[in-house]
Ligand code: SF4
């Protein structure tokens, strides 16, 4: 399973994740975000938290714990 996924049904292509975390997210030809590096970092978790449509899903138990700690 991918650790990081973008739900393209929710993504509005605002580019916030790509601006915040360019190593991990890029805006693709469809003008929606895609994951280019499947590695969960604190920046990725923050990008997920700051996504306006909650389109970024992190499938990683450790990351979920980190996320809960950040909240
Ligand atoms: S921050 Fe969310 S809505 Fe904006 S481009 Fe990234 S995944 Fe899409």
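Taken together, the values in this text are just the output of simple stated rules run on the coordinates, not laboratory data. Everything quoted here is computed from the prediction, not taken from an experiment.
Residue separation times 0.36 nm, minus the C-alpha to C-alpha distance between residue 23 and residue 5: what's the value?
Contour length minus the Cα-Cα distance gives 5.0 nm.
Relative contact order of the range 4-70, please, whole-number percent, based on alpha carbon pairs below 8 angstrom and at least 6 residues apart.
37 percent.
Along its three principal axes, how long is the range 4-70 when you only count alpha carbons? Whole Å, largest extent first please.
That works out to 34, 21, 17 Å along the principal axes.
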